[in-house]
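FYI, it's all coordinate maths here, none of it is from the lab. Keep in mind that this is a model prediction, so the values were computed, not measured. We place every Cβ from the backbone using ideal geometry, glycine too, and count neighbours over all the protein chains shown.
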Amino acid sequence: MVSVIIVAVVTAVIAYLIGSVNFSILLSKAAGKDIRESGSGNAGATNMLRVYGKFMGFLTLILDMVKGALVIFLTYLAMYYLLPRINFVEEPVLYGFKADYLLDALPYLAGWFAIIGHCFPIHFGFKGGKGVAAALGVVLMLDWQVGVIALVVALAAIICTRYVSVGSILGAVLFVVLTFARQFFDREFNVFVLAITILMALLIVLRHHANIRRLKRGEENKLFARKPKEAKAPDTAQEPAEFTTSDGVDEDEGDINIVE
């Protein structure tokens, strides 16, 4: 007889290791420089977009989404083909909950640890991204209807505000609300599923703590914002270092600013 706790731990470890494969770091290193040393320093699709361009940003986004979706796919595959062959402990295994009830939350547990792996990858010194793209792949595989609604609302927020962080946070919070609404209307409550969705959203929000502070100060970077041109220093090679009038006063003294 096998306890479902052991299965949950194995699932969490495998999901974390897969989530730790950070494609923005791999692609940026292949391009010449670790993305964590450029731009905002975040190992994610948005920073790849700003530093390496649209193609690399889009490629990172797709690969991270596929990574999150893959974790859920493998979990469902194991649930349908592997777990039925295991004899689980029949008596309550955790606070009165039986194995079947806990197994229903297994895909959500796998998704949560995949996002944790993306944010804190063991392969890259625990310095990863903010988990948004991986979370999107996870959510779309867990419940595609909830995922599509959250994605559409998040994209609308990004288009209207041009702040990726606003859309990401809004989508994460909406995921919790929609999951609760789904369970409420279906009359099938699973406290573990709800708890894990809250933890997923909380992780995403906490990973955006610096963005939230910048939003409050009005300093957050907008998507596709043009970088201000740097003013060129005047060419003084052909000019004398100093001009003096007949009064002995330097003509280049004053309060004129060359660089604004």
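Odds and ends about this structure:
- Annotation note: of Ala69, Ala12, Ala31, the sole residue that is surrounded by 20 or more Cβ atoms within 10 Å (Cβ to Cβ) and among the aliphatic types (A, V, I, L, M) is Ala69.
- When the test is whether a residue is of a type outside the set (Gly, Ala, Ser) and within 14 Å of the chain's Cα centre (by Cα), Lys54 does not pass it.
- Whichever residue in segment 112-134 is under 14 Å from Thr46 (Cβ atoms) and of a type in the set (A, V, I, L, M) and, among such residues, is surrounded by the fewest Cβ atoms within 10 Å (Cβ to Cβ): Ala133
- Test: residue in segment 186-196 that is surrounded by 24 or more Cβ atoms within 10 Å (Cβ to Cβ), assigned to a helix (DSSP H, G or I) and in contact (Cβ under 8 Å) with a residue 40 or more places away in the chain: no
- The number of residues in segment 71-90 that are of a type in the set (A, V, I, L, M, F, W, C) and more than 18 Å from Val138 (Cβ to Cβ) comes to 5.
- If you go through segment 6-46 and keep only what is free of Cβ contacts under 8 Å to residues at least 40 places away in the same chain, of a type outside the set (Lys, Arg) and over 28 Å from Ala78 (Cα atoms), you end up with Leu26, Leu27, Ser28, Ala30, Ala31, Gly32, Asp34, Ile35, Glu37, Ser38, Gly39, Gly41.
- Search result, residues across segment 135-176 that are surrounded by fewer than 16 Cβ atoms within 10 Å (Cβ to Cβ) and touching a residue at least 40 places away in the same chain (Cβ under 8 Å): Arg162
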